[in-house]
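The block underneath contains the structure these notes are about, expressed in structure tokens.
The values are calculated or read from the model by the stated rules, or taken from the named source; none is laboratory data. These figures come from a predicted structure and were not determined experimentally. Virtual Cβ from ideal backbone geometry, glycine too; neighbours counted across all protein chains shown.
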Amino acid sequence: MGQARPARSCALITDSALEFRAALPGGGVLLALDLGTKTIGTALCDAGWRFASPGKTLPRGKFTADKAVLAALIAARGAAGIVIGLPLNMDGSAGPRVQASRAYAANLAPLGLPILLWDERWSTQSAEAGLIAQDISRARRAERIDAAAAAVILQAAIDTLAGGGF
């Protein structure tokens, strides 16, 4: 871990918060993605990396269509970087879903933004607990869980980035 991944463009793809932070010396809005098989949860943070907020849950389709929607979101919000949840196994090992997330990141590299792959273990459980604490019904939780999980992933990442806890 901690090594930059080569990509087809100049964009940095890394699992190192230190490398990612160095690529964004002025901070900036970050877009987080929680990649599911059927949906993509999104979240955004402020430019000062203080708080993350859930965004939309997007239906996952063909990558070209997904990329166009994400590029429009990046442009509309002026995002400076992307954080993608990395679904490691509980023992820290990488399985097929990790490889799929790395491939998705590589496919997003032509957008030209630095990409941080962030350990997302427990993010969905944490998001669900937060939604339950807000007394959100089971049906509404199902609609919001992926975006809430993306916000949990992003908040953990920005807490590390802003606090320097590398």
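Points worth noting:
- When GLY85 is tested against (1) at pLDDT below 80; (2) out of contact with any Gly (no Cβ under 6 Å at 6 or more places or on another chain), exactly one condition is not met: (1).
- Each residue in segment 64-104 was checked for being among the β-branched types (Val, Ile, Thr) and closer than 22 Å to ALA22 by Cα, and 4 pass.
- Matching residues, segment 44-97, being acidic (Asp, Glu) and in a loop (DSSP other than H, G, I, E, B): ASP46, ASP91
- Restricting ALA94, ALA68 to those that are modelled with pLDDT under 95 and aliphatic (A, V, I, L, M) reduces the list to ALA94.
- Residue list for segment 30-52, filter: touching a residue at least 60 places away in the same chain (Cβ under 8 Å) and surrounded by fewer than 17 Cβ atoms within 10 Å (Cβ to Cβ): GLY48, ARG50, PHE51
- Cβ pairs under 8 Å, 6+ apart, first in segment 98-109 and in a helix (DSSP H, G or I), second among the charged types (D, E, K, R): ARG102/ARG5; ALA105/ARG5; ALA106/ARG5; ALA106/ARG8; ASN107/LYS67; LEU108/LYS67; ALA109/ARG8
- Scanning segment 56-76 for residues that are in contact (Cβ under 8 Å) with a residue 12 or more places away in the chain and within 22 Å of ILE145 (Cα to Cα) returns LYS56, THR57, LEU58, PRO59, ARG60, PHE63, ASP66, LYS67, LEU70, LEU73, ILE74.
Yes/no matrix, rows are residues, columns are (1) surrounded by fewer than 17 Cβ atoms within 10 Å (Cβ to Cβ); (2) touching a strand residue (DSSP E or B) at 6+ places or on another chain (Cβ under 8 Å); (3) not acidic (Asp, Glu):
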position	(1), (2), (3)
LYS67	yes, no, yes
ILE74	no, yes, yes
LEU88	no, yes, yes
PRO96	yes, no, yes
ALA100	yes, yes, yes
TYR104	no, yes, yes
PRO110	yes, no, yes
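- All conditions but one from (1) in a helix (DSSP H, G or I); (2) modelled with pLDDT under 85 apply to ILE136; the one that does not is (1).
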